[in-house]
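Written out below as structure tokens is the structure these notes cover.
The values are calculated or read from the model by the stated rules, or taken from the named source; none is laboratory data. Here the structure is a predicted model, which is why all the values come from computation and not from measurement. Counting neighbours? That spans all protein chains shown, and the Cβs are built from the backbone with ideal geometry, glycine included. With ligands, DNA and RNA removed, areas are computed over all heavy atoms of the protein, side chains included. Shrake-Rupley method; radii C 1.70, N 1.55, O 1.52, S 1.80 Å.
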Amino acid sequence: LRKGLDKVDARKAWEDIMGAGVNSYTSRVELKNDVLYVSLTSSVLREELSLGKSKIIVMLNEVLGQELIKRLVLR
């Protein structure tokens, strides 16, 4: 049950942190093990976000209150 809740929490954290602008280009957010997979419809946005991956991971983990995400994969 915990894994299912973590998946929902990770999706919600992404929406909260990234805001409406990024969320409008986000098609899918999926947590598998300790990797967060985010599908984006804009290649330009994907490149922009890839420059700040480590900062995004830190912010997501702060919101989640635990070291849940170790890697972020933007596709």
Quiz prompt | In the stretch 25-70, residue surrounded by the most Cβ atoms within 10 Å (Cβ to Cβ) [restricted to those that are touching a Ser or Thr at 6+ places or on another chain (Cβ under 6 Å) and in a loop (DSSP other than H, G, I, E, B)] | solution = 25
Practice problem: Show the residue pairs that are 6+ apart or on different chains and have beta-carbon atoms under 8 Å apart, the first residue being within the stretch 40-61 and in contact (Cβ under 8 Å) with a residue 12 or more places away in the chain, the second being assigned to a helix (DSSP H, G or I) and not β-branched (Val, Ile, Thr). | Solution: 40/46; 40/49; 56/49; 60/10; 60/13; 60/14
Exercise. Say whether the condition of being touching an Asp or Glu at 6+ places or on another chain (Cβ under 6 Å), on the phi < 0 side of the Ramachandran plot and open to solvent by less than 70 Å² (accessible area, probe 1.4 Å) is met by at least one residue in the stretch 9-24.
Key: yes
Quiz item: How many residues are without any contact (Cβ under 8 Å) to a residue 24 or more places away in the chain and among the hydroxyl-bearing types (Ser, Thr, Tyr) when one looks only at the stretch 16-39?
Solution: 4
